[in-house]
Each structure stands twice: as C-alpha cells, then as structure tokens.
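Inspection log for the structure reproduced underneath, given as structure tokens.
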Amino acid sequence: PGPDVRLPGSGARRAWEAGPEGRAVIDRICTAAPALLRPGGVLLMVHSGMCGTQKTLALLAGQGMACLLYTS
C-alpha cells in the first residue's frame, strides 16, 4: 500500500506503488487470470496480508477459479 491514489507512470516507484489498498496490480491479475490461463492452468500468487488476502480469494473464486491459501 502507498499514500497516493494516482499511480506513478514511470520511475522506480512504479515497481512498488499499488495505491492506498495495495491492490492496483492484484485486482487486475485476479480479473484477467482466467482468460490468460489454459484449461487446467495454475496461477501462483504471493502477496502481503496487508493487501487483503480474503479479498483476493473472493475475486479469484468469483472468476470461477478454485483457490488454496497457504500461510506461514
């Protein structure tokens, strides 16, 4: 998560800035994944719990994907 609603267009901050909830990239991946995977394909995603793990699981499940959560 970062302080700015508007994401940087270039530079080093673009690599780690993901908006106030930290989900700018995660949400795009969750939405696009089913169309990008082959039948039976697998998406492996690792992200911080600060970004809402349950929201990620719900978005993926809402796209028809089976989800597993591993925590350490």
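The values are calculated or read from the model by the stated rules, or taken from the named source; none is laboratory data. Please read these numbers as outputs of a predicted model, since none were measured by experiment. Every residue, glycine among them, receives a Cβ derived from its backbone with ideal geometry; neighbour counts consider all protein chains shown. Quick note on the areas: whole protein, heavy atoms, side chains included, nothing else; ligands and nucleic acids left out. Shrake-Rupley method; radii C 1.70, N 1.55, O 1.52, S 1.80 Å.
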Report summary line: Using the Kirkwood formula on alpha carbons, the hydrodynamic radius of the chain in angstrom works out to 13.3 Å
Query - Efficiency of FRET from Cβ geometry, residue 10 and residue 45, R₀ 25 Å, rounded to 0.05 - result: 0.50
Report task. With a 1.4 Å probe and every protein chain kept in, tell me what percent of the accessible surface of the chain is carbon plus sulfur. Result -> 59 percent
Query - Size of electric dipole in the stretch 12-63: Cβ of Lys, Arg +1 and of Asp, Glu -1, about Cα centre, debye, nearest 20 - result: 120 debye
Query raised in the report: What does the highest-first list of 66-72, 1-7 look like by mean Cβ count within 10 Å?
Result: 1-7, 66-72
Requested in this report: Counting only heavy atoms of the protein chains, get the accessible area per residue of the stretch 12-63 (1.4 Å probe) and round it to a whole Å² value.
Outcome: 71 Å²
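Using a 10 Å cut-off on Cβ atoms, rank the peptides 41-51, 11-21 from the highest mean neighbour count down. Mind showing how you got there, number by number?
Working: 41-51: 10.4, 11-21: 12.5.
Highest mean packing first, the order is 11-21, 41-51.
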